[in-house]
Amino acid sequence: MRMQTPSIPTTSSSNPLLGNSPLPAFDQIRPEHVEPAVRELLGQCNQALETATAMDFPANWNHISKVLDTATERLGCSWGAVSHLNSVCDSPELRAAYNTGLPLVTEFWTRLGSDERLYAKYKAIDAATLTAEQVQAHKNAMRDFVLGGAELTGAAKARFAAIQERQAELSQKFSENALDATDKFDLVVDAAAMDGVPSDVQQATRAAAQAAGLDGHRLSLKLPCYLPVMQFANDRELRQTMYRAYATRASDQASPELAQFDNSALMREILALRKEEAVLLGFENFGELSLAPKMAESPARVIAFLRDLAARARPYAEQDMADLREFARQHLQLPDLQAWDIPYVGEKLKETRFAFSEQEIKQYFTFPKVLDGLFKIAETLFEVVITKDTAAVWEPGVSFYRIERQGADTGAGDRLALVGQFYLDPTARSGKRGGAWMDDVRSRWLRPDTGLTQTPVAHLVCNFAGPVAVDGAQRPALLTHDDVITLFHEFGHGLHHLLTLVNERQVSGISGVEWDAVELPSQFMENFCWEWDVLRHMTCHVHSGESLPRALFDKMLAAKNFQSGLQTLRQLEFSLFDMLLHTSHDAQNGILALQQRVRDEVAVVQPPAWSRNAHTFSHIFAGGYAAGYYSYKWAEVLSADAYAAFEETVLKNGQPDRETGRKYRQEILEAGGSRPALDSFKAFRGRPPELDALLRHLGMAGNPRTT
Ligand code: ZN
C-alpha cells in the first residue's frame with residue numbers, strides 16, 4: 001500500500017474503514033483514516049453497549065447479539081485490517097496511527113469484558129432458549145466475564161484494573177529491553193574470524209561493516225547472523241563471545257554498557273502481579289488461572305505430563321549428547337565440549353552422517369508447485385475445491401483464493417457453495433513482520449441483523465524468499481523443506497478457521513478453541529511434508545523439472561529426527577520452568593534458583609552459570625504463553641495421534657483414505673470451538689488421545705540408537 005498520498009478528507013462516506021464492503025478495502029486504507037474510523041466505530045460500540053444493558057432491554061441472546069455483536073464486529077474487522085497492515089506493510093505514519101488507536105481499542109475491550117451490567121444481562125439469559133452452539137458460546141462468555149474481573153467490586157475491582165494496566169506496561173517494557181539489548185550489541189571482526197560461515201551470511205556482515213564505514217565484518221545477535229555463526233564459524237573464540245553476549249541479553253550478566261536493559265526487576269514484578277491477580281479472582285496461583293480456559297485440567301496434570309515425556313526423551317537426549325561428544329573429540333579436536341560448541345558440532349555431525357545439503361533440496365521445492373500440491377491434498381482429503389479469486393490487496397504479490405464445497409450441509413446440494421476465502425502473502429519484504437501466521441479477517445456467523453450466513457475469511461502470511469530474475473527470466477521462488485512445513489502448518493490453521501460450519505461467531509472456526517488445542521490442525525498438516533507420495537507430486541526441480549529423487553527423500557527422512565532427543569528435552573525444560581514458576585515459585589527463592597532446579601532435573605546439557613535465557617523468554621513474560629508454554633507439546637500429542645488415524649487407514653496406492661478425511665473435517669475442522677477440544681478429538685478418534693503416535697513420530701518408540 002502507498003502511504004505518500006497527501007491527506008484527504010475522512011468523512012465516513014470516503015473513509016474505507018467505515019465502508020460497507022464485505023472485504024476490507026486494503027488498497028485504499030491510509031494512515032489518516034485510522035483515528036477517525038476508530039473513534040466513530042467506538043462511538044457506535046459504546047452506544048450499542050448502553051442500549052443492550054438498559055434496564056428494559058430483553059435478556060435474550062439474539063437481541064443482544066443483534067445490537068452489540070454487530071457493532072463490535074464492525075470495530076473488530078476495521079481494526080483487524082489496520083493491525084494487519086501494521087504487520088505486513090509498516091511505515092512510520094501507519095505505526096503512529098496504529099499506536100494512537102491501540103489504547104482506545106484496548107480500553108474498550110477491557111471495559112466490555114468486565115461490564116457488570118452486561119454480565120448480569122448474560123446471566124439472566126434463559127439457557128433453554130439457546131442452540132447447542134449458543135450454549136457453548138454463552139458458557140465461554142460467562143467464564144470470560146469472571147476472569148475479566150466482572151464479579152469484583154469496590155477496591156478489589158479498582159486494584160484488578162490497576163494490575164491489568166501495570167502488567168501491560170511491564171510486558172511492553174520487557175519486550176523493548178529484549179529487543180534493545182539484541183539490537184545494541186555490535187561486534188566487528190576480521191575476515192579470518194568468519195572462516196566456515198556461509199558466503200551469503202558473510203556478504204551481509206561485510207555489507208553491514210561497510211555501511212558503518214568499517215573494515216571487516218559487523219556481527220549482530222539477530223538470528224540470521226547469530227545462528228549461522230554458531231553453526232558454522234570455525235573460530236571457537238568467536239563462537240564463545242557471541243554465545244555469551246546472546247545468553248546474557250537483558251540481564252544482570254550483560255556487559256556494563258547494556259546494563260540499562262536488565263529485565264530482572266520487571267520479571268519479579270510481573271510474577272508478583274500475576275499471583276495477586278490470580279488470588280483476587282479466587283485461584284491459588286497464576287497457573288490455575290491460566291488453565292481455567294484451557295484443555296489441560298490442572299497444573300499438576302501438566303507437570304506430570306511434562307515429567308513423563310522428559311523421562312521418555314532422556315535416554316535419546318543422552319545418546320544425542322554422547323554422539324556429539326564423541327564426534328567432537330574424534331574429528332574436531334574438541335575434547336571439552338562447551339555450550340558454544342554444540343550447534344557447530346551438531347552441523348558437522350549432520351553433514352557427515354546424512355550427506356546432503358539444504359541447498360540441494362531447495363532446488364526441488366518451487367513455490368507454485370508446492371502450493372499446487374498443498375491445495376491438491378486439501379481438495380482430496382476434505383472434499384473441497386480451491387480456486388483463485390479476486391479482492392483488493394496491499395501488495396502485488398498477494399493472492400486471494402476461494403474454497404467451495406458440494407453437499408447438503410453447506411446448503412447447496414450438489415452445486416458448489418462458497419465455504420471461505422483467504423489471502424496468501426508468502427514473500428518477505430521490508431516493513432513486514434518476520435515469521436509466519438494465520439489470522440482471521442472475519443468468522444463464519446449467521447448474522448442476526450440480516451439472517452444471512454457470513455462466510456469466514458483468513459490471512460495466511462509467510463516470509464519466504466521471493467521469485468528472482470535470472471538472465472532476464474523470472475525464476476520461481478525456492479522454498480526450504482522447513483518453509484514447506486511452515487506453509488502446511490499455517491494452512492492447517494487456515495482450514496480450521498475456514499471449513500467450520502458453526503453459526504455462532506464466538507465459537508466458529510478457531511474462535512473459542514482452547515489455547516492448548518489450537519495447534520492440532522496446524523501441526524497435523526505438517527505430517528504430510530514427510531510423506532513420499534505427497535512430496536513426489538509437489539516437487540519439480542527448478543532447472544530439470546524432475547520430481548524429488550527417492551534417494552534424496554530417504555536421506556531427508558533419515559535426518560528428520562536428528563537430535564530430536566535434545567530438542568524435546570529443551571522444550572520440556574522451558575515448559576516445566578514456566579509452569580513451576582507460575583505455581584510453586586515464591587519470590588524469596590528467586591527465579592534463577594528455580595531454573596537451576598529444573599535444569600538439574602531435566603536437562604542433559606548444563607549451560608554456564610552466567611547464562612540468563614529466562615531474561616529474554618518473551619513468550620511467558622511478554623506474550624500470551626504464561627503458564628501455557630506446554631501448549632506446543634500438549635497439542636502435538638493430539639496432532640500426532642490424529643495423524644495416526646490416517647497412517648492406519650492409508651490405501652494401497654499410498655493415498656489417504658477419504659472416509660478418514662471426511663471424519664476429520666467434520667469432527668475437528670467443522671466443529672471449531674463449538675464444543676471442548678477433547679470431545680471433538682474423541683468424536684474423531686473414538687477414544688481419548690494417546691502418547692504413542694508422538695513418541696513414534698519423534699523416533700522415541702524403540703530403544704535409543706546405539707550405533
Ligand atoms: Zn501454529
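Every number here is computed from the coordinates shown, using simple stated rules; none is lab data. Model, not experiment: these values are computed from the prediction. Reconstructed Cβ throughout: ideal geometry from the backbone, glycine too, with neighbour counts over all protein chains shown.
Just a few scattered comments:
- For segment 15-77, the fraction of C-alpha pairs more than 18 angstrom apart is 42%.
- This ranking places Trp610, Trp340, Trp634 by how few other beta-carbon atoms lie within 10 Å of each, fewest first, which gives Trp610, Trp340, Trp634.
- Rg/Rh, computed from the Cα trace of segment 64-196 with Rh as the Kirkwood radius, has the value 1.16.
- In the chain, the longest principal axis of the Cα atoms and the axis of helix 70-88 are about 20 degrees apart.
- Candidate lysines for bridging to Lys682, where Cα separation is under 24 Å - those fewer than 8 sequence places away on the same chain excluded: Lys139, Lys294, Lys633, Lys663
- Secondary-structure-derived ellipticity at 222 nm for the chain, considering helices only, amounts to -16500 deg cm²/dmol, per-run term -39500 (n - 2.57) for DSSP H runs with n ≥ 4.
- Calculated over segment 512-643: convex hull of Cα atoms, volume per residue (Å³): 175 Å³
- Calculated over segment 127-259, the projected area of the Cα convex hull averaged across directions stands at 14.4 nm².
- When each of Lys222/Lys560; Lys376/Lys560; Lys173/Lys560 is checked by Cα-Cα distance, pairs over 29 Å: Lys173/Lys560
- Isotropic mean projected area of the C-alpha convex hull, segment 205-267 (nm²): 5.3 nm²
- Nearest-ten-degree value, helix 299-331 long axis tilted from longest Cα axis of the chain: 20 degrees
- Computed over segment 486-530, the alpha-carbon pair-distance distribution with 5 angstrom bins reads 6, 25, 28, 22, 12, 5, 2, 0, each value a whole percent.
- Take 441-453, 543-555, 98-110 and order them by the average number of nearby Cβ atoms within 10 Å per residue, most first; the result is 441-453, 98-110, 543-555.
- Segment 593-641 - Rg over Rh from alpha carbon coordinates, Kirkwood radius: 1.05
- Normalised per residue, the volume of the convex hull around the Cα set of segment 295-450 (Å³): 273 Å³
- At 1.306 mPa s and 10 °C, Stokes diffusion of segment 390-491 via Kirkwood alpha-carbon radius, µm² per second: 100 µm²/s
- Using all pairs of distinct alpha-carbon atoms, the Kirkwood hydrodynamic radius of the chain works out to 27.7 angstrom.
- The angle between the Cα long axis of helix 199-211 and the longest principal axis of the Cα atoms of the chain comes to about 80 degrees, rounded to the nearest 10.
- At 0.890 mPa s and 25 °C, Stokes diffusion of segment 280-384 via Kirkwood alpha-carbon radius, µm² per second: 128 µm²/s
- Segment 456-556 - Rg and Dmax from Cα coordinates, angstrom: 17.2, 53
- Whole-number percent relative contact order across the chain, with pairs defined as alpha carbons under 8 Å at least 6 apart: 15 percent
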